[in-house]
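Take a look at the structure below.
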Amino acid sequence: MKLSQDHDFSLFYQKYKDAIYKVIRYLSGDPEEVEDIAQEVFLNLYRAFPNFSEEKGSFYTWAAVIAKNTYLTYRKNRKMEYALEENSSLESLRVKDDFIQDLETRILEEELREVISSLPEPEKSIILLKEFNNYTLEKTSQALNISSRTVSRKLLRALDLLREELEKRKVAL
C-alpha cells in the first residue's frame, strides 16, 4: 500500500509522534539532543514515507528502526565534532605554548642585553663582534686593533663574567 505523502504523513505524525519521542528518549537521555534527533527522525520519515509497505512490517516498527538509525548517525557525527573540537583546542594550546616560549626568549634576550651592556671594554665589544656578529677571531682582533691571543683571553673572561652575572640574576639558559 502506497500512502499519499502529505495527508497520510500528517495522520501518521499525529498517531505515532509520542511513540517515536519515547524511542528517542530511550536512546538518548539528553532533552536537547532528543529534540534535535526528533527533528531529524521526522524529516527522514517524511523522505522515506513513500517507500513504506505494510508487507515489510508494522508502521511503528518501521519508524522505530528509522529513529534508531537516525540516532546512531547523530551520535557518530557528534563524536566527529568532539574530535575536531579537541584537535582545535590542542592547536590553541600549542599557540599558547609558543607564546610562552617566545615570551621567555624575549625576557632572556633582554636580561642578556643588560648583562652584556654592563661588561667592561673590550670584553663587551668582543662578545658582540664574536658571538652576535659571527666575526672570526682574526676579524675581531683587526676590528679592535688587538692581538688574536688577547681576543681569545678576553673572550673567555667575558663569558665567565656573563655566566656569573646571569647566575646572580637567577637567569637559566
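Taking Lys and Arg as +1 and Asp and Glu as -1, the other residues whose beta-carbon sits under 13 Å from that of Leu129 total 0. Apolar share of the accessible surface for region 1-80: 53 percent from carbon plus sulfur atoms, 1.4 Å probe. Under 1.5 on a/c is rounded, so check that first for region 96-172, then, if it is not, pick prolate when a/b is larger than b/c and oblate when it is not; a ≥ b ≥ c are the square roots of the alpha carbon gyration tensor eigenvalues. Prolate.
Would you mind calculating the gained length between Glu109 and Glu131 on full extension (0.36 nm times residue separation, minus the Cα-Cα distance), in nm to one decimal?
Values: separation 22, 0.36 × 22 = 7.92 nm, distance 1.36 nm.
Result: 6.6 nm gained on full extension.
Measuring with a 1.4 angstrom probe and ignoring ligands and nucleic acids, Ile116 comes out at about 10 Å² accessible.
Distances between placed amide hydrogens fall under 5 Å for Tyr135 paired with Lys130, all partners being 5 or more residues away or on another chain.
The values are calculated or read from the model by the stated rules, or taken from the named source; none is laboratory data. For clarity, every value in this text was computed on a predicted model and none was experimentally measured. FYI the Cβ positions are ideal-geometry reconstructions off the backbone, even for glycines, and counts take in every protein chain you see. Keep in mind that these areas ignore ligands, DNA and RNA; they rest on the heavy atoms of the full protein, side chains included. Shrake-Rupley method; radii C 1.70, N 1.55, O 1.52, S 1.80 Å.
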